[in-house]
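These notes are about the structure you will find just below.
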Amino acid sequence: MHRTLLPLAIGLTLLSASEARAAPCDCDHVLGLDAQVVDGTALGVQPGQSVCVQGGQRPFLRLQKFTGTDGQPIQIRNCEGQVDISNDDKGYALTIEQSNFVHLTGTGDDAFEHGFRVRGAKDGPDYSAMSVAIGELSSDIEVDHVEAYEAGFAGFMVKTEPRCDGSSNLGTFVMHNVALHHNYIHDTKGEGIYFGSTGYGGREYTCDGVKKLLYPHEHHGADIHDNLIENTGWDGAQIGVTPKGCQFYRNTIRKVGLGGELYQQQGLQIGGASACEIWGNVLMDGPTNGIFILGADDTRVYNNLVVGFMEHGIYANDQEQDLQARYRFAFNTIVGSGKGGLTVFGAKLGPGYAYSNVVIGSAPIGIGGDILDFVEMANQTADTPDALGFVDPAARDFHLRMDSPLRDAGVAAPELELADDLDGTPRSDGLPDVGAFEFDPDPPPTSDTDPGTGDTDTGAGETDAAPTTTATSAADTGSAESGTAATSDPGTDTTAAGATDDTGALTTGDTGGQSSDGGCGCRGAGPTSGLWLALALLVPRRRRPGRT
């Protein structure tokens, strides 16, 4: 047998092509149970090839330097069962680092809905873990059908921290086209999804003994859909510094803010001048706000069901940013908010509107008087849901009965070609119905909130003629590049999301997200004043389709 030792911190051995053909995992390359730190370039993975990760238990998996192309992404999938990654002592469990055009999918074995099950549970005192981290200058990454759970901090962390050499900073690096879909994220100590830095505001780092203010990179392209996020200690999901191509849709978020951390208890937070389309989501139960838009750029929010948040169902404030941002809200159903259903403030906002929303609660809609151009039309409000003709509001079924006064009472919203409702029911029988649901004599069951099942076409090419290799690794040393982003020398700084120091800590520059300046809005005088302060510092149903 011919063996080749690759130049890795942890050695990988390659089996010959003749032996590899007998392997049960049908990919160009196979990562055995001993593979923990894998260098795709050293392994010889080419654009368009496939990499199988053998099912079974392992403490962590770090995927580094996998480089595909736009037309030929590298596909990484599970085989021979579920890949079960779990540890209690590192700052990471599954990472994608220094990689481009990679599709990691858990659809390799039909017996498992989520072919990767990932747990990074370390929770302080020195740092806390991410279950899944995408960073260290990675871009064009797709991850689906992964279960991320019991994270010491975030279920998914997507960003690269600023570096002293400037290689990952604003104006130099952009993370493009990250897709997260059909994942199950639950029981995290911090956010379910932490996508991008909280804002553009710089953070102080020590570079070669000198303190410098460094600024985070932008994200162009966020495609986040069909995920189930529940039981999070902090926000369900947070998106920041994503000014282009941001889509957040068909996700279910429920039971957030369980850790009681002040200012970290939103269902979904959009900020840092991000410009997002937010549609077709179900958000339920949290101590503050369902959808929290703070200092964002142009944002549209439609066809969402938001239920049971103790402050606001939807809260939006431009933070007096000079963006002339347009905030537009249409066909949302908002129920049971403690302070306000739909609340909007911002003296520097551009033209906006609220069309055809139904809001139930004691203070349903509040639009700040300082907004110069904001149109309200065909919204329906009530103190209680009793007279609005819902199927079963006590059971949280807010589909419409045939006799509902919300039927045909809506008005089409400007610049929004809305073909269907939250369930996918066409809005084509005359005037649209108010709220997230169009009347359907046979609506889907309200419990159908999990990400869909079924097969998927993963889109990554495979080359039959390519040699098949099997990779295994020696015992892990528990370390990688040393140093943190805040203290590294400009010539040697290589740390970011996905890098570790010699203790195994994931270096995100935010001490595991445990900082008190934690990256969201701080409530000031409340809605009567129209002001929410921001700690905008860089820290840290529709019918479900088949597998897609």
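Every number here is computed from the coordinates shown, using simple stated rules; none is lab data. No experiment lies behind these values; they were computed from the predicted model shown.
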TODO: Kindly state, as a whole number, the per residue volume in cubic angstrom of the convex hull around the alpha carbon atoms of segment 118-185.
DONE: 79
Task: Compactness relative to 2.2 N^0.38 Å, alpha carbon Rg of segment 193-239 - done: 1.59
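Which value does Rg/Rh take for segment 117-237 over its C-alpha atoms, Rh per Kirkwood?
My calculation of the ratio gives 1.00.
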TODO: Write down, largest first, the equivalent ellipsoid semi-axes of segment 61-110 in whole Å, where each equals the square root of 5 times an eigenvalue of the alpha-carbon gyration tensor.
DONE: 21, 17, 6
Task: Distance from segment 241-284 to segment 97-115 (C-alpha centre basis), Å - done: 24
Open item on the list: Rg/Rh for segment 254-340 to two decimals, with Rh computed the Kirkwood way over all alpha-carbon pairs.
Closed with: 0.96
Open item on the list: Per residue of segment 143-155, what does 6.51 cos²θ - 1.76 cosθ + 1.60 with θ = phi - 60° give for ³J(HN,Hα)? Whole Hz please, x for Gly and Pro, Karplus curve as stated.
Closed with: 9, 9, 6, 10, 9, 10, 8, 6, 5, x, 10, 8, x
Task: Karplus 3J(HN,Hα) series, Hz, for segment 295-301 with 6.51 cos²θ - 1.76 cosθ + 1.60 (x for Gly, Pro) - done: x, 8, 8, 3, 9, 10, 10
Task: For segment 307-362, the fraction of alpha-carbon pairs in successive 5 Å shells from zero, as % - done: 5, 20, 27, 19, 16, 11, 1
Open item on the list: In whole Hz and in residue order, list the ³J(HN,Hα) couplings for segment 313-330 that follow from phi through the Karplus curve 6.51 cos²θ - 1.76 cosθ + 1.60, θ = phi - 60°; x for Gly and Pro.
Closed with: x, 10, 10, 9, 8, 7, 6, 6, 6, 7, 10, 6, 5, 10, 9, 10, 10, 8
Task: 5 Å-binned pair-distance histogram of segment 38-123 (Cα, whole percent) - done: 3, 15, 23, 22, 20, 12, 3, 1
Open item on the list: Just to be sure I understand: of the beta bridges DSSP finds with both ends in segment 84-226, what percent are antiparallel, rounded to 5?
Closed with: 15
Open item on the list: Could you tell me the extents of segment 232-390's C-alpha atoms along the three principal axes, largest first, rounded to whole Å?
Closed with: 41, 36, 26
TODO: Report the convex hull volume per residue for segment 199-296, counting only C-alpha atoms, in Å³.
DONE: 109
